[in-house]
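Enquirer: Could you have a look at this structure, given as structure tokens, before my questions?
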């Protein structure tokens, strides 16, 4: 009987990277298990358990140590075998990405320069009141994957964590909303297919809105613009209300301080509004707000404004944002030095009528504005914007102090949209506030009522945005954003290592 041949066993060392190609790398100080709970607004866990993108792994990847904690351990860079590098004999494949288009609160208009990121920790509260919000790339929640929307409102986040119930933060300035993406799949482009997850908050139940003080006027209706971009009617209140847009009564009654607010039942509820002088006259009241929007009143009422020039400048110098509409250029031209020297102001001049204005594309954001106006249907020719009933208050900006964005050379040289950062006299690194001046009216092309006696929102009769209103929307969200030199290219939030 022939004996069977002897079996020879050879021990072969198998690299760890071949053991579990799609696995999740363990956290530092753990075994092959998962990470902590997915962070949510307010710190509550919302699921998204690590490991949902593949089986648990047992070791590190080439060139990387263990991941730290939470959602970081669900990124492909924390996995054994990534999408961007060959592993386990696989060919290089597509990256894991998350993409979409961010819109205004109404969900209608794509927005430029909005930060979109995945946090790895619970978010901190947004600071209330005056604060220095400079563009330093830092964001709450320790972002581990981020992007910035382009001139079409589009973003692509590379290497987001994979799995279910992934938190996503949408933020520009003090506008912030956190949503939950149901699932992100590894090694593919995950396109958000729910438009409701891609917009800024409409009210406080959906997220954080800046606190805005808005004065009504007899010649324009900026409150109707805010309503069109999607802010809920419930957020429009008087100065003692809980809404995020506080209306103050502006116009001819300000010439008689004792009559401020008289007859101004400018809310549908019948609530009386405080006069604008109550806002401008109190630094402690001004300090509560992030943005002040001043609707054109039909006259300058200089004698009424003169006592408050220092207060309004103080607001901007301490981080406040001001949106000056047409005749409110008085605050700048007749303000305290150095504000009068921010541009070549010519004062009250004859209207220019209907014109085709130009977009200044000599700087980064100006290029983006020109592209954005085409993308949102406000411009049929890049770099041009039709304006109804253009006004004329200044002839030229004065770089580097101020920057023109929209201007015309016909029938005369006139700047229609101007910005400058504050304090004007401070170096750029110390500037925290911002001022927008516009000679572009909302109501001129919309038909909305410019009479503050009409209870809000009764005067807001139109729903579609005109081309010049779309330009004003861009201006408004640029004003809401963090402060930086306009010639610098905006950058997405810094990824925390």
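Enquirer: Just to verify a number: FRET efficiency for residue 306 and residue 284, C-beta to C-beta distance, R0 = 22 Å, to 0.05? Please report the intermediate quantities before stating the final value.
Expert: Working: r = 21 Å, r/R0 = 0.93.
The formula returns an efficiency of 0.60 here.
Enquirer: Take the alpha carbon atoms of segment 325-341, find their center, do the same for segment 349-387, and report the distance between the two centers in whole angstrom.
Expert: So the separation of the two Cα centres works out to 24 Å.
Enquirer: Further, regarding this structure: Which shape class applies to segment 356-433: rounded if a/c is under 1.5, otherwise prolate when a/b exceeds b/c and oblate if not, where a ≥ b ≥ c are the square roots of the Cα gyration tensor eigenvalues? List each step's numbers first, then the result.
Expert: On the way: a/c = 2.62, a/b = 1.50, b/c = 1.75.
Oblate shape, in that a/c is at least 1.5 and b/c is the bigger or equal ratio.
Enquirer: Please check which bits of segment 206-249 a label hung off residue 196 would reach, taking the label as a point 7 Å along Cα-to-C-beta and the cut-off as backbone N under 19 Å.
Expert: So the set is 206-208, 230-234.
Enquirer: Also: Using only the Cα atoms of segment 283-396, build the gyration tensor, take square roots of its eigenvalues as a ≥ b ≥ c, and label the shape rounded, prolate or oblate: rounded if a/c is under 1.5, else prolate if a/b is larger than b/c, else oblate. Provide the component values of the computation, followed by the final result.
Expert: Details: a/c = 2.17, a/b = 1.57, b/c = 1.38.
Since a/c reaches 1.5 and a/b is larger than b/c, the shape of segment 283-396 is classed as prolate.
Enquirer: Once you put a point 7 Å from the Cα of residue 185 and another 7 Å from the Cα of residue 429, both along the Cβ direction, what distance in nm separates them?
Expert: Inter-label distance under the simple model: 4.9 nm.
Enquirer: Quick check: from the Cα gyration tensor, does segment 388-497 come out rounded (a/c under 1.5), prolate or oblate?
Expert: Working: a/c = 2.23, a/b = 1.44, b/c = 1.55.
Because a/c hits 1.5 or more and a/b fails to exceed b/c, segment 388-497 counts as oblate.
Enquirer: Separate question: So how far apart, in nm, are the two label points at residue 203 and residue 272 if each is 7 Å from Cα heading toward Cβ?
Expert: 2.7
Laboratory data are not the source of any read-out in this text; all were calculated from the coordinates shown. Note that this is a predicted model, so its numbers are computed, not measured. Cβ sites come from the backbone with ideal geometry, for glycine too, and all protein chains shown count toward neighbours.
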